[in-house]
Amino acid sequence: QGPQGPVRLIRTATHPRRIRGSGAQALVLNADMTSRAPARFPKTARVRSSAQYAQVFGNARRIHHPALTLHAAALPDRHEDGGARLGLAVSRKVDARAVGRNRIKRVLRDTFRRHRALMPARSFVVVARPAAAKLGNTDLANAFIDTLRRAGSLPRPGATGTMRGDSL
């Protein structure tokens, strides 16, 4: 609460400024105050069309967790970016409230974005289960990371790369 009302946070790469209107003071977070990972989730990093989802579901290896199922498939030859892609499926069965479904998607997207550079060029589709709604943000992110590790798409903690099965 600022001297002129509630403080609103705005993230920009420019200088601090005040918001006109409701008397709210703006506190601006500069780009250097955020994480070092790219802040965007570009279109090339997403599974977007129904044909892309069908391709992943048809050719995928499935890895199960009580909170989610990970479908991992090789990228098509015409994929322009060459990096890993993510698609999300969170139905109303998982959480009847949109805010709950959006929280799950936000956590999964952010976790994927932070680890994308370590992943092989594959398409991943995460299908959330009702247990995902009961998990907190950290537990949900850890479940996703654990599932990616079991799929062989992320290195296991403490992997040295010297033994069979270890990868960096």
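Below is a table of values for the structure above.
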read-out: Subset of region 103-116 (residues that are over 23 Å from residue 55 (Cα atoms) and of a type in the set (A, V, I, L, M, F, W, C)); value: 104, 107
read-out: Strands (runs of 3 or more DSSP E) (entirely within region 1-96) containing at least 3 residues that are closer than 26 Å to residue 139 by Cα, open to solvent by less than 70 Å² (accessible area, probe 1.4 Å) and at pLDDT 90 or above; value: 68-74, 85-89
read-out: Set 129, 109, 114: member being in contact with a Phe, Trp or Tyr (Cβ under 8 Å, 6 or more places away or on another chain) and open to solvent by 50 Å² or more (accessible area, probe 1.4 Å); value: 109
read-out: Out of 117, 141, 132, sole residue that is at pLDDT below 90, assigned to a helix (DSSP H, G or I) and out of contact with any Gly (no Cβ under 7 Å at 6 or more places or on another chain); value: 117
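The values are calculated or read from the model by the stated rules, or taken from the named source; none is laboratory data. Predicted model, so just to flag it, every value in this text is computed and none were measured. FYI the Cβ positions are ideal-geometry reconstructions off the backbone, even for glycines, and counts take in every protein chain you see. To get the accessible areas, we keep the full protein, side chains included, count just its heavy atoms, and leave off ligands, DNA and RNA. Shrake-Rupley method; radii C 1.70, N 1.55, O 1.52, S 1.80 Å.
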